[in-house]
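The values are calculated or read from the model by the stated rules, or taken from the named source; none is laboratory data. Remember, it's a predicted structure, so these values are computed and weren't measured experimentally. No Cβ is skipped: glycine too gets one built from the backbone with ideal geometry, and neighbour counts run over all protein chains shown. The protein model used for the area step is the full one, side chains on, heavy atoms only, and it has no ligands, DNA or RNA in it. Shrake-Rupley method; radii C 1.70, N 1.55, O 1.52, S 1.80 Å.
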Amino acid sequence: MDGAHSAGLQLQPLPPTSGATSTSLSSSEGSFSYKENLIGALLAIFGHLVVSIALNLQKYCHIRLAGSKDPRAYFKTKTWWLGLLLLLLGELGVFASYAFAPLSLIVPLSAVSVIASAIIGIIFIKEKWKPKDFVRRYVLSFVGCGLAIVGTYLLVTFAPNSHEKMTGENIARHLVSWPFLLYMLVAIVLFCLLLYFYKERNANSIVVILLLVALLGSMTVVTVKAVSGMLVLSIQGNLQLDYPIFYVMFVCMVATAIYQATFLSEASQIYDSSLIASVGYILSTTAAITAGAIFYLDFLEEEALHICMFALGCLIAFLGVFLITRNRKKAIPFEPYISMDAMPGVFDHRNGAGLVAPKLTIQRSSASHIHCGGRSGSWGAMSYYTAKKLLNIILSRCSRRGAGGWREGTKFKRAYCS
């Protein structure tokens with residue numbers, strides 16, 4: 001009996017210690033975070049690839065219609081609608097990726113779209129090149145694609161693994177944390193200063209415009225991750241739509257995205273698209289990673305070596321995107337010429353010295369458009385920046401005879417030639 005009893009005692013398993021329990025939990029959580037990171041990275045890469053294909057399809061549709069006698073509008077072609085559907089599918093994939101992986105991992109993966117666009121452009125080019133000329137023409141694109149791929153690999157490998165659930169309580173706690181409030185204060189002050197120099201001082205530098213876009217974009221990606229994460233949790237059964245913070249984040253996401261598009265549209269009227277793509281990617285990615293590190297604490301428990309390798313991957317990806325866009329053909333600048341006598345909306349009047357001087361009055365008709373009128377006709381609606389740029393051209397072409405002005409709200413601003 002004693003032997004049987006002792007044998008039974010020996011067969012009883014020992015309870016696990018607290019250290020073993022914590023180790024097993026941490027390993028399971030780590031593997032779960034790694035799987036979520038992998039799902040988010042694959043969704044982001046897939047989304048950016050599909051978006052790149054969609055944009056090239058729509059571009060191909062526009063080019064084909066412009067080079068043919070087809071009288072149809074672009075939105076009546078199947079190619080354009082196919083591009084639109086693929087664009088929506090790709091953006092949906094990118095939107096869903098924010099719910100699975102940290103913000104610092106998803107944002108730099110937009111370099112995939114630049115790589116794909118460069119490869120598609122080389123494949124579908126219609127010109128015939130000799131092998132030596134082809135290599136000389138696209139050597140920077142090849143090097144840039146290689147560097148961007150290496151940078152993307154480092155980003156995915158050394159990205160933060162910690163990723164918390166996007167519940168209403170977590171988002172509200174991050175929203176009132178003092179690091180994020182301090183970041184918001186600095187971002188708002190910097191945004192107001194840049195906006196003042198852009199609107200009042202005519203500081204139309206591409207860095208100023210794209211810094212405005214980057215600051216807005218940092219808030220956009222923060223809100224996108226919150227909205228995407230809460231929607232995915234709600235689909236999985238953990239309802240999060242009852243929290244008011246969801247609707248606050250949704251409104252901020254839509255508003256910042258609209259203002260981003262406005263500034264990008266104005267930048268595209270002045271600068272080449274390849275320059276906007278490279279500089280915008282660098283500034284927007286840097287601002288978004290900074291916002292994610294402060295708001296979601298992406299790098300809080302990461303090792304210094306992982307952070308340094310992640311930063312190295314970002315720098316390599318930045319260099320690769322810059323080389324890809326650097327290889328684009330530069331557009332020939334157009335020097336406009338305006339005839340003061342033949343221009344509608346300009347009429348002659350006598351100044352104090354009895355000399356004839358052309359006069360131009362530009363009045364704002366809406367928040368984003370203005371109306372240029374005069375006794376000899378009307379220019380109709382044009383963008384506010386275009387009208388101010390046109391006025392600067394007029395004043396630079398004329399001598400002491402020129403005068404012009406524009407109305408901003410209740411204030412009327414006038415400029416004279418000197």
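Considering segment 171-187 alone, what residues qualify as being among the β-branched types (Val, Ile, Thr) and open to solvent by less than 40 Å² (accessible area, probe 1.4 Å)? Matches in segment 171-187: ILE171 only.
Working only within segment 229-238, note down all residues that are surrounded by fewer than 22 Cβ atoms within 10 Å (Cβ to Cβ) and part of a helix (DSSP H, G or I).
The first filter runs over segment 229-238 and keeps only residues surrounded by fewer than 22 Cβ atoms within 10 Å (Cβ to Cβ), leaving 231-238.
If the condition is that a residue be surrounded by fewer than 22 Cβ atoms within 10 Å (Cβ to Cβ) and part of a helix (DSSP H, G or I), then LEU231, VAL232, LEU233, SER234, ILE235 are the ones that fit.
For residues in segment 202-218 being more than 22 Å from PHE295 (Cβ to Cβ) and not polar (S, T, N, Q), which is nearest to the chain's Cα centre (by Cα)? Out of the qualifying residues, it is ILE209.
What residue, among those in segment 21-54 that are open to solvent by 80 Å² or more (accessible area, probe 1.4 Å) and farther than 25 Å from SER113 by Cα, is modelled with the lowest pLDDT? Within segment 21-54, the match that is modelled with the lowest pLDDT is LEU25.
When you go through GLY280, GLY292 one by one, which is the residue that is touching a Pro at 6+ places or on another chain (Cβ under 8 Å) and either of a type outside the set (Phe, Trp, Tyr) or assigned to a helix (DSSP H, G or I) (or both)? Only one candidate passes the filter, namely GLY292. Here the condition is being part of a loop (DSSP other than H, G, I, E, B), of a type in the set (A, V, I, L, M, F, W, C) and open to solvent by 50 Å² or more (accessible area, probe 1.4 Å); of LEU305, LEU315, LEU300, LEU264, it holds for LEU300 alone.
Filtering segment 71-92 to residues that are assigned to a helix (DSSP H, G or I) and open to solvent by less than 10 Å² (accessible area, probe 1.4 Å) leaves GLY83, GLY90. Starting from segment 47-76, keep only residues that are more than 13 Å from ILE120 (Cα to Cα), then list their pairs with residues that are open to solvent by less than 30 Å² (accessible area, probe 1.4 Å) and outside any helix (DSSP H, G or I) whose Cβ atoms are within a distance under 6 Å, requiring at least 6 positions of separation or different chains. These pairs meet every condition: CYS61/THR77. For segment 55-70, the set of residues classified as open to solvent by 30 Å² or more (accessible area, probe 1.4 Å), of a type outside the set (S, T, N, Q) and in a helix (DSSP H, G or I) consists of LEU55, LEU57, LYS59, TYR60, HIS62, ILE63, ARG64, ALA66, listed by residue number.
With respect to the stated conditions, LYS199 is without any contact (Cβ under 8 Å) to a residue 12 or more places away in the chain and either more than 19 Å from ALA288 (Cβ to Cβ) or open to solvent by less than 40 Å² (accessible area, probe 1.4 Å) (or both). Candidates in segment 239-261 are the residues that are part of a helix (DSSP H, G or I) and out of contact with any helix residue (DSSP H, G or I) (no Cβ under 6 Å at 6 or more places or on another chain); of these, the one that is nearest to LEU92 (Cα to Cα) is VAL254. Listed by first and then second residue, the pairs with beta-carbon distance under 7 Å, at least 6 apart or on different chains, first residue in segment 155-175 and over 29 Å from ALA317 (Cα atoms), second open to solvent by 10 Å² or more (accessible area, probe 1.4 Å) and acidic (Asp, Glu), are ASN170/GLU164. Checking the structure you have, find out if any residue of segment 181-188 is among the hydroxyl-bearing types (Ser, Thr, Tyr), part of a loop (DSSP other than H, G, I, E, B) and closer than 29 Å to TYR243 by Cα. Within segment 181-188, not a single residue is among the hydroxyl-bearing types (Ser, Thr, Tyr), part of a loop (DSSP other than H, G, I, E, B) and closer than 29 Å to TYR243 by Cα.
With the structure loaded, tell me whether VAL143 is open to solvent by 30 Å² or more (accessible area, probe 1.4 Å) and in contact (Cβ under 8 Å) with a residue 24 or more places away in the chain or whether it fails that test. Judged against the criteria, VAL143 is a match.
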